[in-house]
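This is the structure I have questions about; it appears just below.
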Amino acid sequence: MNKIDPKLLATLRQPADLIERGLAKPADLADLERVAARYAIAVTPDIANLIDTENPDDPIARQFIPSALELMNAPGENADPIGDDAHSPVAGIVHRYPDRVLLKLVHVCAVYCRFCFRREMVGPGKATALSEAAYRDALDYIRNNNEIWEVILTGGDPLMLSPRRLAEIMTDLAAIDHVRIVRIHTRVPVAAPARIDGDMIRALKADGATTWIAVHANHPRELSGEARAACARLADAGVPLVSQTVLLRGVNDDAATLEALMRAFVENRIKPYYLHHGDLAPGTGHLRTTIAEGRELMRNLRGRVSGLCQPDYVLDIPGGHGKAPIGPNYLSHASSGECELSSEAQYRIVDYCGDVHLYPPKP
């Protein structure tokens, strides 16, 4: 029996490791080490195996292989681009909306995305998890705020916790009467699908609360056979799945790629949920599109795929003001020359082909 090189089973965390695997160029070593000194690097074997090393513009590599461009800050970029700190009443909690909170349990991930909006909070020299005392304070905060209906586990990636620890957390949250939904945002089904085993799935369930999983993927190739099997294990166990995707230049900023990704989600029982406009995180300008480009992509998507495949295109407003839908608008008031007498105001509606119609229609 042929033995598998242990290096092929290890997560790549250093620029030299990336170069040895052919995922980065030797000439870039000095720049990549400067990036690594500031931002975490982790490329799991599952992700490394998806990268086409013959393609210098490979969309998987753009998401996970560091670039010297990350050392360049664009205007408006900052370490807390969506204002988590402004809405953090206690450590680990972000309470931006009345009925839900974020609970940031860990600051480690299976892989580190080069566009991450929390990239300044993870990696070299950063805390890896909430302390036990901080966790208890966070639970008390949730317990004492009766309007909190949903707790969103984030970080970092909550599925980097052991099943035993995750089960304890789920039990603690489900024991709070007004918490009815626990939503977990994760890259693990794509980046480390073997972690989604029976123990992990059992840990996700607790009497008294319903668990939802938000699966993060940005390109259809990320939904490998192993990733699809991991998502199927979750769906077969009765865990509902939604998606989140970040719109990224050179990764998914064309209608055909978005179409293939959204269809792949639906085929795997994952309801498309959010398409995020890129946040103003430091060193991510080379990966951001413009809003105008995003709106046009959403307009193209509307005419290409089923309603099941339509995510909400959203912008997290800098400063902590929450998400706003920013997709194209299809409705406007008709001009006075177009209007007929009617009990209802008349509108101009643009269909997916770009044609304009009046509503209510003229008699």
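The values are calculated or read from the model by the stated rules, or taken from the named source; none is laboratory data. No experiment lies behind these values; they were computed from the predicted model shown. With ideal geometry, Cβ positions are generated from the backbone for all residues, glycine too; neighbour counts draw on all protein chains shown. Calculation scope for accessible area: heavy atoms of the full protein, side chains included, ligands and nucleic acids excluded. Shrake-Rupley method; radii C 1.70, N 1.55, O 1.52, S 1.80 Å.
Could you give the length gained on full extension between ARG13 and VAL90, defined as 0.36 nm per residue of separation minus the Cα-Cα distance, in nm?
Here the segment from ARG13 to VAL90 would lengthen by 24.6 nm.
Further, regarding this structure: Which value results when the Cα radius of gyration for segment 173-243 is divided by 2.2 N^0.38 Å?
1.13
Can you check what the net charge comes to around TRP149, using other residues whose Cβ is under 9 Å from the Cβ of TRP149 (Lys, Arg +1; Asp, Glu -1)?
Summing Lys/Arg as +1 and Asp/Glu as -1 gives -1.
Quote to one decimal, in nm, the extra length available between LEU29 and ARG136 on full extension: 0.36 nm per residue of separation minus the C-alpha distance between them.
Details: separation 107, 0.36 × 107 = 38.52 nm, distance 4.30 nm.
The span from LEU29 to ARG136 would gain 34.2 nm if fully extended.
Taking a cut-off of 18 Å, what percent of all Cα-Cα pairs in segment 3-71 are separated by more than that?
Values: 745 of 2346 pairs.
Looking at segment 3-71, the distances longer than 18 Å represent 32 percent of pairs.
Can you give the FRET efficiency to the nearest 0.05 for ARG304 and ARG180, using r as the Cβ-Cβ distance and R₀ = 45 Å?
0.80
What is the gain in length, in nm to one decimal, between MET72 and ALA334 on full extension, counting 0.36 nm per residue of separation less the C-alpha to C-alpha distance?
The MET72-ALA334 span can extend by a further 89.7 nm.
If you fit an axis through the alpha-carbon atoms of helix 291-304 and take the longest principal axis of the Cα set of the chain, what angle between them do you get, 0 to 90°, nearest 10?
It is inclined by approximately 70 degrees.
Right, something else. Which net charge results for the neighbourhood of TYR97, defined as the other residues with beta-carbon distances under 14 angstrom from its beta-carbon, given Lys and Arg at +1 and Asp and Glu at -1?
My count for the surroundings of TYR97 gives -1.
Taking every DSSP beta bridge that has both residues in the chain, what percent is antiparallel when rounded to the nearest 5? Working shown, then result.
On the way: 16 of 44 bridges.
Bridges in the chain are about 35 percent antiparallel.
Can you give the helix-only mean residue ellipticity at 222 nm for the chain, where every DSSP H stretch with n ≥ 4 adds -39500 (n - 2.57) and the sum goes over all residues, rounded to the nearest 500 deg cm²/dmol?
Working: 11 runs with 99 residues, N = 363.
Estimated from H runs of four or more residues: -7500 deg cm²/dmol.
Share of Cα-Cα pairs in the chain beyond 31 Å, in percent?
Cα-Cα pairs in the chain separated by more than 31 Å: 39 percent.
With a sphere of radius 13 Å drawn around the Cβ of ALA86, what net charge do the other residues whose Cβ falls strictly inside it have (Lys, Arg +1; Asp, Glu -1)?
In short, -3.
What FRET efficiency comes out for the pair ASP52/ALA237, r = Cβ-Cβ distance, R0 = 30 Å, nearest 0.05? Please report the intermediate quantities before stating the final value.
Values: r = 33 Å, r/R0 = 1.10.
Given R0 = 30 Å and the Cβ-Cβ separation, E is 0.35.
Ok, one more. Work out the length of the dipole vector of segment 219-338 about its Cα centre, built from +1 on the beta-carbon of each Lys and Arg and -1 on the beta-carbon of each Asp and Glu, and round it to the nearest 20 debye.
180 debye
To continue, here is another question. Any idea of the accessible area per residue across the chain, 1.4 Å probe, to the nearest Å²? Write down the numbers at each step before the final one.
Values: 16750 Å² over 363 residues.
Averaged over the residues of the chain, the accessible area is 46 Å².
Sorting THR154, THR11 by accessible area (1.4 Å probe), largest first, what list results?
Largest accessible area first, the list is THR11, THR154.
Moving to a separate point now. Straight distance only, please: which aspartates and glutamates reach the Cα of LYS25 with their own Cα at less than 19 Å, same-chain residues fewer than 8 apart left out?
The qualifying aspartates and glutamates are ASP17, GLU33, ASP52, GLU54, ASP57, ASP58, GLU70.
A further question follows. Let me test this: with uniform point scatterers at the alpha carbons of segment 240-295, what is the Debye-based log₁₀ I(q)/I(0) at q = 0.14, 0.28, 0.29 1/Å?
Log10 of I(q)/I(0), two decimals: -0.40, -1.13, -1.17.
Say the cut-off is 22 Å between C-alpha atoms; which of LYS104/LYS323; LYS126/LYS271; LYS104/LYS126 go over it? Could the numbers behind the result be given before it?
Details: LYS104/LYS323 18 Å; LYS126/LYS271 34 Å; LYS104/LYS126 14 Å.
The pairs that break the limit, which is 22 Å between Cα atoms, are LYS126/LYS271.
Could you order LYS205, LYS126, LYS25 so the one with the most accessible surface comes first? Probe is 1.4 Å.
Correct descending sequence by accessible area is LYS25, LYS205, LYS126.
Find how many whole Å separate the alpha carbon centroid of segment 142-214 from the alpha carbon centroid of segment 40-111.
20 Å
Roughly what angle does helix 255-267 make with the longest principal axis of the chain, taking Cα atoms, 0 to 90 degrees, to the nearest 10?
70 degrees
Something else about it: Excluding ligands and nucleic acids, what accessible area in Å² is computed for THR171 using a 1.4 Å probe, to the nearest 10?
Here the accessible area works out near 80 Å².
For segment 19-33, just list the computed ³J(HN,Hα) in residue order, Karplus coefficients 6.51, -1.76 and 1.60, θ = phi - 60°, integers in Hz, with x standing in for Gly and Pro.
Each residue of segment 19-33 in turn: 5, 4, 7, x, 9, 8, 8, x, 5, 8, 4, 4, 5, 5, 5 Hz.
Quick check: at a probe of 1.4 Å, how many percent of the accessible area of the chain sits on carbon and sulfur atoms?
Heavy-atom surface of the chain belonging to carbon and sulfur, 1.4 Å probe: 53 percent.
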